[in-house]
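Enquirer: This structure is in structure tokens; I'll ask about it shortly.
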Amino acid sequence: MLVNFNEMLLNAKKEKYAVPHFNINNLEWTKYILEECQNLNIPVILGVSEGAAKYMGGFNTITGMVKGLLKDLNITIPVCIHIDHGSSFEVCKKAIDAGFTSVMIDASRYELKENIKITKEVVDYAHERGVSVEAEVGHIGGTEDNHTSQETNATLEDCLTLYNSTKIDSIAPALGSVHGFYKGEPNLDFATMKIINDNLPIPLVLHGGTGIPNEKIEKAIENGISKININTDLQVVWSNTVRNKIKNDDKVYDPRKIIGSGEEAIKSRIKEIVTLFKTK
Ligand code: 13P
């Protein structure tokens, strides 16, 4: 069932667990995520970066693929297709017009006033069409789609201003997490996380889920995180397995055997992740 993220994240916020957002890269990845989440009977958000959308052919290709998989594999769990870090109104509009059920508008590289203006434009277009909207405050740094950026932490005041001026459905406050690998131990600002969660009625999102120690993930959920984004983690698990397959089997040439050799590794890692998230 294709849905926006509102019901799944509001339940998670109320019952203190996190819904996984797994970034997708291709057909196989999407199929494995859907099959495993169906097997575990949990909701899932399929995150699509602009780079991944381009790689897969475009937004229409992705919604066509996801809708086809839901039907052919009899997937009955709630599934949300969400653009990850949409960089402009135009990108979000294109995704919505192609059937995405959710968007993240990331205007966090601008001053708050401009971030609000762009986010509000997206919210107006999205809400009229039943699409949910996530926005970012402060700036979550790191490396994503080969682009490196610096982080700036969010404040309660900026989160409140953004929420009150736009009525977004979820918020990703930058609080020390980064995309990709961490240099040393991640330093998350749990105190501010709790204050933001206590003062905003919408769910909080944690980006950069890869490499955060389990006890910090648990603490983040206790302090109000309802959606956790995971990308690099599954990429590493998959590529390690496929690398071994190619190294150890010099006769393999069928792409289904090469790409597909990562299936079990992805599925068992998903199971570990959502057990930690206590996803229901
Ligand atoms: P990681 O690659 O660090 O898991 O981050 C994913 C993410 O936050 C996507 O928005």
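Enquirer: Tell me the helices (runs of 4 or more DSSP H) entirely within the range 1-93 that contain at least 3 residues that are among the aliphatic types (A, V, I, L, M), touching a Lys or Arg at 6+ places or on another chain (Cβ under 9 Å) and closer than 27 Å to Ala220 by Cβ.
Expert: In the range 1-93, 6-15 are the helices (runs of 4 or more DSSP H) which contain 3 or more residues that are among the aliphatic types (A, V, I, L, M), touching a Lys or Arg at 6+ places or on another chain (Cβ under 9 Å) and closer than 27 Å to Ala220 by Cβ.
Enquirer: Are there any strands (runs of 3 or more DSSP E) wholly within the range 163-280 with 2 or more residues that are of a type in the set (S, T, N, Q), under 23 Å from Pro78 (Cβ atoms) and touching a Pro at 6+ places or on another chain (Cβ under 9 Å), and if so which? Please lay out each step first, then the result.
Expert: Numbers: elements: 170-173, 204-206, 225-230.
Strands (runs of 3 or more DSSP E) meeting the threshold: 225-230.
Enquirer: Within the range 264-273, can one find any residue that is within 30 Å of Ile195 (Cβ to Cβ), within 14 Å of the chain's Cα centre (by Cα) and within 16 Å of the ligand (Cβ to nearest atom)?
Expert: Yes; the residues of the range 264-273 include at least one that is within 30 Å of Ile195 (Cβ to Cβ), within 14 Å of the chain's Cα centre (by Cα) and within 16 Å of the ligand (Cβ to nearest atom).
Yes/no per residue for (1) within 16 Å of the ligand (Cβ to nearest atom); (2) among the small types (Gly, Ala, Ser):
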{"position": "Lys183", "(1), (2)": "yes, no"}
{"position": "Pro203", "(1), (2)": "yes, no"}
{"position": "Gly208", "(1), (2)": "yes, yes"}
{"position": "Ile258", "(1), (2)": "no, no"}
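Enquirer: Pairs under 7 Å by beta carbon, first residue over 22 Å from Val44 (Cβ atoms) and touching a residue at least 24 places away in the same chain (Cβ under 8 Å) in the range 80-94, partner among the aliphatic types (A, V, I, L, M) and more than 16 Å from the ligand (Cβ to nearest atom), six or more apart or different chains?
Expert: Here the result reads Phe89/Ile118; Phe89/Val122, each pair linking the range 80-94 to a residue that is among the aliphatic types (A, V, I, L, M) and more than 16 Å from the ligand (Cβ to nearest atom).
Enquirer: Could you list, ordered by first residue, the pairs with Cβ atoms under 6 Å in which the first is in the range 36-53 and hydroxyl-bearing (Ser, Thr, Tyr) and the second is surrounded by fewer than 21 Cβ atoms within 10 Å (Cβ to Cβ), at least 6 apart or interchain?
Expert: If the second residue must be surrounded by fewer than 21 Cβ atoms within 10 Å (Cβ to Cβ), the pairs left are Ser49/Asp145.
Each value in this text was obtained by applying a stated rule to the coordinates, not by laboratory testing. Fair warning: this is a prediction, and the values are worked out from it, not measured in the lab. Quick reminder, even Gly has a Cβ in these numbers, built from the backbone with ideal geometry, and neighbours come from all protein chains shown.
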